[in-house]
Amino acid sequence: MADLRFKAYGGAVAVFALDRLTKWIVETRVSFVESYRVIPGFFDIVRSQNRGVAFGIFNDSTSEWRTTLLVAASVAAVGLVCFMLWSAQRLDRLSLWGLTLILGGAAGNVFDRIVYGQVTDFLDFYIGSYHWYTFNLGDSAIVIGSGLLVLHLFRPKEQAANVP
């Protein structure tokens, strides 16, 4: 199990590094007024800053405690996922990689929040005038990881074989 833990932590570090790399590329090469069309009418690369949490919640808050509270909650969540990965005696593959993706993505976003007080978002999906909230690679990892955990919940127990 220890070997799998280190693979999971290594995977989380890889997600964190890729998240930071993509944010750095956007931060150094894309201004706040530029937009790069990737798939016309569907997907652009933009640059935005989110001082809140998912879907821009608390982004417009003027509370002096906003960043402190968001950092504390984010660090607690990262710590909880680390603990879950470390203390689990047996995890099936979906749960293991789900937690790995969540840890890497959350760590990337909490790093931004601690260092910059905000998170860089740049993936902009839309259809016509309807735009989904702009997000980043760390957010994607968190959503995919959460999806893997949900899939695990719906799998019949005999198919959810434990990883030795």
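Odds and ends about this structure:
- Amide H contacts for F43 (H built 1.01 Å from N in the peptide plane; partners 5 or more residues away or on another chain; cut-off under 5 Å): V38, Y126.
- Across the range 81-93, rounded Karplus estimates of 3J(HN,Hα) from the backbone phi angles (6.51 cos²θ - 1.76 cosθ + 1.60, θ = phi - 60°) give 5, 4, 4, 4, 5, 6, 8, 5, 6, 8, 10, 6, 4 Hz, Gly and Pro being marked x.
- Contour minus Cα-Cα distance for F6 and W24 (0.36 nm per residue): 3.8 nm
A short reminder: the numbers here are calculations on the coordinates, not readings from a lab. These numbers were taken from a predicted model, which means no experiment stands behind them.
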